[in-house]
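Report on the structure given below.
The values are calculated or read from the model by the stated rules, or taken from the named source; none is laboratory data. Quick caveat: nothing in here was measured; it's all calculated off a predicted structure. FYI the Cβ positions are ideal-geometry reconstructions off the backbone, even for glycines, and counts take in every protein chain you see. These area figures cover heavy atoms from the full protein model, side chains too; ligands, DNA and RNA do not enter into them. Shrake-Rupley method; radii C 1.70, N 1.55, O 1.52, S 1.80 Å.
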Amino acid sequence: MAGNKLTITLTEDQQKQIKKATGKSLKELHIDLASTGELTPAELGQLAGGHIGAGKN
């Protein structure tokens, strides 16, 4: 189903960061939402570039 597919177009800076880190070129991310599970608040925070939790880093 088309409603279960998500495409994220990466910015030029994001593309450069991925190329530097992995050696691979990516312009878009394609995610099949039907095959993904739910993220915990801590996992979501890490993916968003933040950190959720008690204690020091």
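Take residue 40 and tell me if it is hydroxyl-bearing (Ser, Thr, Tyr), without any contact (Cβ under 8 Å) to a residue 12 or more places away in the chain and open to solvent by less than 70 Å² (accessible area, probe 1.4 Å).
Numbers: hydroxyl-bearing (Ser, Thr, Tyr): yes; without any contact (Cβ under 8 Å) to a residue 12 or more places away in the chain: yes; open to solvent by less than 70 Å² (accessible area, probe 1.4 Å): yes.
Yes; evaluated as a whole, the condition is true for this residue.
Residue 16 is checked against (1) modelled with pLDDT of 85 or more; (2) under 13 Å from the mean Cα position of the chain (by Cα); (3) not polar (S, T, N, Q) and fails just one. What number does that condition carry?
Just one mismatch for residue 16, condition (2).
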